[in-house]
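Input: a single structure, listed below in structure tokens.
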Amino acid sequence: MHNHDYPGKLVVIEGTDGVGRSTQVEMLQNWLQVEGFGVSTTAWKSSQLISKVIEKAKEKNALNTITFSLLYATDLADRLHSTIIPALKAGHIVLADRYVYTAFARDVVRGADSTWVRKIYDFAIKPDRVFYLKIPLDPLLRRIITTRGGLDFYESGRDIGISTDLYQSFKLYQSQIMFEFERMAEANRFITLNAEDPVEAIQKVLRRELGTLLMDETLSGSVVRS
Ligand SMILES: Nc1ncnc2c1ncn2[C@@H]1O[C@H](COP(=O)(O)OP(=O)(O)O)[C@@H](O)[C@H]1O
Ligand SMILES: [Mg+2]
């Protein structure tokens, strides 16, 4: 990954499934717009080019470790080219709901070599800030079961045969993902937030941290503010 010198800022929210990323991104987007910033958002597996291919392949359970990694990398490569970089060039704040770190954590747990995965994503841009929403396994399970009514096959790592019991599989798979996230959070100086806090409390910290980042940039005339 390389540093960028576009006028905009790339802000990443990371964390496992159901941790509250979308909730926080939406609130941040509204706030930044009200504050007069140009804002773009981008979500994992949302590229025009490839997201439907990934969906279809998952339905058929047709992905192996390598093709899983490569398709998701292609998804991000497409979004960088079509959305993220143009927005950064225009001076926008780009809010990314998951980024390369999701792949680094997930692909390794799915059996990919850690150095290989990082090399694959060499094309990506280094974010200006990474926030990591951290939650212990049990509250995450409770939240997912109450709000979604069940566990997702892939988010439970069922396809890679960790356990035939969906619940056990979720616990084992997600705890390994969390372990990888936490290692990266330390090594890459992510800002770790307690995802068990109330939504508003998390949002407050996010706004405070972004406020500091954007204050400097607004003064230097980099990001666009109407
Ligand atoms: N801090 C929080 N405390 C309790 N529930 C939350 C919190 N943040 C989000 N939720 C709820 O958890 C569910 C998953 O949130 P969502 O933002 O969709 O997660 P993600 O995008 O990370 O998968 C939603 O029903 C949401 O309302
Ligand atoms: Mg979401």
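The values are calculated or read from the model by the stated rules, or taken from the named source; none is laboratory data. A quick note: this is a predicted structure, and the numbers were derived from the prediction, not measured. Note that we place each Cβ from the backbone using ideal geometry, even for glycine, and neighbour counts take in every protein chain shown.
Tabulated results
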read-out: Whichever residue in region 48-89 is modelled with pLDDT of 95 or more and of a type in the set (K, R) and, among such residues, is nearest to R158 (Cα to Cα); value: K56
read-out: Condition broken by T16, with the remaining ones in (1) within 16 Å of ligand 2 (Cβ to nearest atom); (2) closer than 23 Å to A87 by Cα; (3) among the hydroxyl-bearing types (S, T, Y) satisfied; value: (2)
read-out: Count - residues of region 54-68 that are farther than 19 Å from I120 by Cα, out of contact with any Phe, Trp or Tyr (no Cβ under 8 Å at 6 or more places or on another chain) and touching a residue at least 12 places away in the same chain (Cβ under 8 Å); value: 2
read-out: Candidate set from region 29-47 (those that are within 15 Å of the chain's Cα centre (by Cα), within 16 Å of ligand 2 (Cβ to nearest atom) and touching a residue at least 40 places away in the same chain (Cβ under 8 Å)); member that is nearest to F153 (Cα to Cα); value: W44
read-out: Flag for I177 being out of contact with any Asp or Glu (no Cβ under 7 Å at 6 or more places or on another chain), of a type in the set (A, V, I, L, M) and either more than 21 Å from E55 (Cβ to Cβ) or exposed (fewer than 14 other Cβ atoms within 10 Å of the Cβ) (or both); value: no
read-out: Enumeration of residues in region 1-47 that are in a helix (DSSP H, G or I) and of a type outside the set (V, I, T); value: R21, S22, Q24, E26, M27, L28, Q29, N30, W31, L32, Q33
read-out: Count of residues meeting criterion [within 30 Å of L137 (Cα to Cα), touching a residue at least 24 places away in the same chain (Cβ under 8 Å) and part of a loop (DSSP other than H, G, I, E, B)] in region 190-226; value: 3
read-out: Considering residues of region 1-47 that are of a type in the set (D, E) and surrounded by fewer than 22 Cβ atoms within 10 Å (Cβ to Cβ) only, the residue farthest from ligand 1 (Cβ to nearest atom); value: D5
